[in-house]
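One structure is given below, encoded as structure tokens.
The values are calculated or read from the model by the stated rules, or taken from the named source; none is laboratory data. Remember, predicted model here, so these are calculated numbers, not experimental data. Here the Cβ positions follow ideal geometry from the backbone for every residue, glycine too, while neighbour counts run over all protein chains shown.
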Amino acid sequence: MAIALYMDHQVPRAITNGLRIRGVDVITAYEDNASTLDDAALLARAGELGRVLFTRDDDLLAEAAQYQRNGLSFGGVIYAHQLRVSVGRCIEDLEIIAKLGEPDDVQNRVQYLPL
């Protein structure tokens, strides 16, 4: 089963479009009318939809860590630093994760890019 992705509102459109061209199941916070949600609500929303949250926002890492410390379940977070991981590399690595990974691979975990 492929991994479906949920894009934080700060993710560049080029990443989302690049993944869609490659056949990856992606929805953005904006498309979900969730672009104004705070980090905790955004992480919860991604989980409600059965999706893994992709972000380039350091604050979401803190939120995921809080979930882990409190033993709360979440669908997973994939993180790429805004300045250290290129758009192209994000697309390549996210495609690999989405097409070859299983939801259990990232459940309650944070995956850092690049792979």
### Message
I need the full set of residues from region 77-115 which are small (Gly, Ala, Ser) and surrounded by 16 or more Cβ atoms within 10 Å (Cβ to Cβ), in order please.
### Response
Ala80, Ala98, Gly101
#### Entry: Residues being closer than 12 Å to Ile78 by Cβ and touching a Gly at 6+ places or on another chain (Cβ under 7 Å) - total across region 5-52
3
#### Entry: Residues that are small (Gly, Ala, Ser) and out of contact with any Phe, Trp or Tyr (no Cβ under 6 Å at 6 or more places or on another chain), drawn from region 23-57
Gly23, Ala29, Ala34, Ser35, Ala40, Ala41, Ala44, Gly50
### Task
Those residues that are more than 10 Å from Leu113 (Cβ to Cβ) and within 14 Å of the chain's Cα centre (by Cα), I need them from region 63-86; list them, please.
Glu63, Ala64, Phe74, Gly75, Gly76, Val77, Gln82
#### Entry: Candidate set from region 1-49 (those that are closer than 17 Å to Ala98 by Cα and acidic (Asp, Glu)); member that is modelled with the lowest pLDDT
Asp8
### Where a residue in region 91-115 is under 20 Å from Asn17 (Cα atoms) and its partner, wherever it lies, is in a helix (DSSP H, G or I) and at pLDDT below 95, with Cβ under 6 Å and at least six apart
none
#### Entry: Every pair of residues 6+ apart whose Cβ atoms lie under 9 Å, when the first sits in region 51-76 and is loosely packed, with under 14 Cβ neighbours inside 10 Å while the second is part of a strand (DSSP E or B) and among the hydroxyl-bearing types (Ser, Thr, Tyr)
Asp58/Tyr79
#### Entry: Count - residues of region 7-37 that are touching a Ser or Thr at 6+ places or on another chain (Cβ under 6 Å) and assigned to a loop (DSSP other than H, G, I, E, B)
3
